[in-house]
Amino acid sequence: MATNNIVLLTGGSAGLGKATAELLMKSGYIVYSGSRRLSDPHTDALSKGEIIPLQMDVTDAKSVQSGVDRIVAERGRIDVVICNAGNGIAGSIEDTAEEEARFQMETNFFGTVNVLHAVLPVLRSQGEGKIITTSSVAGFIPIPYQGYYSASKAAVKILTQTLAIEMKQFGVQCCCVLPGDAKTDFTAARRFTAAAQSPQSAYTERMKKAVDTMAHDEQNGMEPVEISRAILKQIKKKKMSLVVVPGISYKLISFIFRLVPNRFLLFVVDKLYS
């Protein structure tokens, strides 16, 4: 049984969240799996780990606070918080209306903010705890026709690093995980802006080609459990890493992107998705 074993995981009903919940359960953790559509409860007989469904909409601060209050009432503490809920919307910057941009940011960025606001007083009062946020390699690679997705993930990365500085004095560690392409239902769930679907859009043809390339890469990408193992590894560490990029190929890409000029990076990305 894990020593610090009470986990709040958002976005736990599908994809990476579901894979992470299952891996943690098998490793002996009690996972409160938060989502709008409830996942099924499970118990692992060998490890005594559990997945406990938790009704939670990260875009609703009251819903988040209610879920956190329930965990504290039932368990007395929260040891690990994994902010994983997210979605994707595709379309050029010009073809993305303000409300569509806000839709993207509400889940990916402000959803993380809502969870943090609810859990930080708990972790601070405990004098310990671990926070893991899910960003993306799109947080440092500008993805054409998913600019708001990239922006939201970049914001999560910077927020997490800032939080690491602020929470160090209270014994709370923070880690940001940046997955690359992964084979999940995120691809099928991706939305398109209204204007992006119009034949009158100046971007439609190139946007569709770019998103098709992305979808192909995602469905031939990493298995979500590989990313889940990277998350579990950080939870088990005495001192978490500040930033984790799962997968050797994406680690290499991350390293290269820090070395070469931005103009060259944009040239390469443009060629990849044109």
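The values are calculated or read from the model by the stated rules, or taken from the named source; none is laboratory data. What you see is a predicted model; the values in this text were computed from it and never measured. Neighbour counts are summed over all protein chains in view; Cβ atoms, including those assigned to glycine, are modelled from backbone coordinates with ideal geometry. Keep in mind that these areas ignore ligands, DNA and RNA; they rest on the heavy atoms of the full protein, side chains included. Shrake-Rupley method; radii C 1.70, N 1.55, O 1.52, S 1.80 Å.
The table for this structure:
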| quantity | calculated |
| --- | --- |
| Some residue of segment 107-130 being buried (at least 18 other Cβ atoms within 10 Å of the Cβ), modelled with pLDDT under 95 and either under 26 Å from A202 (Cα atoms) or of a type in the set (A, V, I, L, M, F, W, C) (or both) | no |
| Hits in segment 254-274 - residues which are open to solvent by 60 Å² or more (accessible area, probe 1.4 Å) and under 20 Å from E223 (Cβ atoms) | none |
| Counted residues, segment 117-150 - those being over 23 Å from G67 (Cβ atoms), assigned to a helix (DSSP H, G or I) and not hydrophobic (A, V, I, L, M, F, W, C) | 5 |
| Out of E166, E99, sole residue that is over 21 Å from I235 (Cα atoms) and surrounded by fewer than 18 Cβ atoms within 10 Å (Cβ to Cβ) | E99 |
| Only listed residue being in a helix (DSSP H, G or I) and under 16 Å from G17 (Cβ atoms), chosen from K153, K209 | K153 |
| Residues satisfying the stated conditions in segment 234-253, i.e. part of a loop (DSSP other than H, G, I, E, B) and farther than 16 Å from M222 by Cβ | K237, K238, K239, M240, S241, L242 |
| Members of segment 49-95 that are under 23 Å from D181 (Cβ atoms) and of a type outside the set (A, V, I, L, M, F, W, C) | N84, G86, N87, G88, G91, S92 |
| Contacts under 8 angstrom Cβ, first residue in segment 241-254 being at negative phi, partner surrounded by 14 or more Cβ atoms within 10 Å (Cβ to Cβ) and among the aromatic types (F, W, Y), 6 or more apart | S254/F140 |
| Conditions (1) farther than 25 Å from M56 by Cα; (2) modelled with pLDDT of 95 or more; number of the one not met by A154 | (1) |
| Condition check for T133: surrounded by 15 or more Cβ atoms within 10 Å (Cβ to Cβ) and among the β-branched types (V, I, T) | yes |
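Table: residues versus (1) surrounded by 18 or more Cβ atoms within 10 Å (Cβ to Cβ); (2) free of Cβ contacts under 8 Å to residues at least 12 places away in the same chain; (3) within 17 Å of N108 (Cβ to Cβ).
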position	(1), (2), (3)
P179	yes, no, yes
F186	yes, no, yes
A196	yes, no, no
V211	yes, no, no
H216	no, yes, no
I227	yes, no, yes
